[in-house]
């Protein structure tokens with residue numbers, strides 16, 4: 001991901017727009033996109049600052065509190081599918097996509113591949 005442009009540039013662009021210049025003229029003068037100037041001005045009006053918002057971060061897995069239940073269900077029913085597990089979680093009030101279930105299982109190292117050898 002690209003770093004945000006400097007606050008100094010943002011402030012100068014917003015001041016230029018506030019003094020009466022058009023967003024297109026300001027964007028051409030500072031060699032930035034018109035949409036950037038518009039968004040900086042909107043942010044300045046809403047918050048009083050042109051500083052960029054937080055970038056990146058880490059989200060805790062939604063299914064972490066339900067790990068014990070998931071492990072128990074997989075051991076009880078080895079033929080359970082991702083969609084089936086998703087439906088069982090939904091019955092418990094946990095609404096997630098099958099991709100979220102798959103990602104959680106993969107991250108936790110809980111594999112339950114289906115094959116003809118298993119009962």
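The values are calculated or read from the model by the stated rules, or taken from the named source; none is laboratory data. Just so we're clear, the structure is a prediction, and the values are computed from it rather than from any experiment. Cβ: placed from backbone, ideal geometry, glycine included. Neighbour counts: every protein chain shown.
Structure values in brief
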| read-out | value |
| --- | --- |
| Residue list for segment 23-39, restricted to those being assigned to a loop (DSSP other than H, G, I, E, B) and within 14 Å of residue 4 (Cβ to Cβ) | 32, 33 |
| Filter result for residue 90 (buried (at least 16 other Cβ atoms within 10 Å of the Cβ) and part of a helix (DSSP H, G or I)) | no |
| Hits in segment 54-112 (condition: under 30 Å from residue 43 (Cα atoms) and touching a residue at least 24 places away in the same chain (Cβ under 8 Å)) | 55, 56 |
| Residues of segment 71-87 that turn out to be in a helix (DSSP H, G or I) and out of contact with any helix residue (DSSP H, G or I) (no Cβ under 7 Å at 6 or more places or on another chain), as a count | 7 |
| Subset of segment 1-16 (residues that are more than 13 Å from residue 35 (Cα to Cα) and in a helix (DSSP H, G or I)) | 7, 8, 9, 11, 12, 15, 16 |
| Any hit, segment 18-38, residues being within 25 Å of the chain's Cα centre (by Cα) and in contact (Cβ under 8 Å) with a residue 24 or more places away in the chain | yes |
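Okay, residues lined up against (1) surrounded by fewer than 14 Cβ atoms within 10 Å (Cβ to Cβ); (2) modelled with pLDDT under 95:
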{"residue": "12", "(1), (2)": "no, no"}
{"residue": "17", "(1), (2)": "no, no"}
{"residue": "32", "(1), (2)": "no, no"}
{"residue": "43", "(1), (2)": "no, no"}
{"residue": "57", "(1), (2)": "yes, yes"}
{"residue": "62", "(1), (2)": "no, yes"}
{"residue": "65", "(1), (2)": "yes, yes"}
{"residue": "68", "(1), (2)": "yes, yes"}
{"residue": "74", "(1), (2)": "no, yes"}
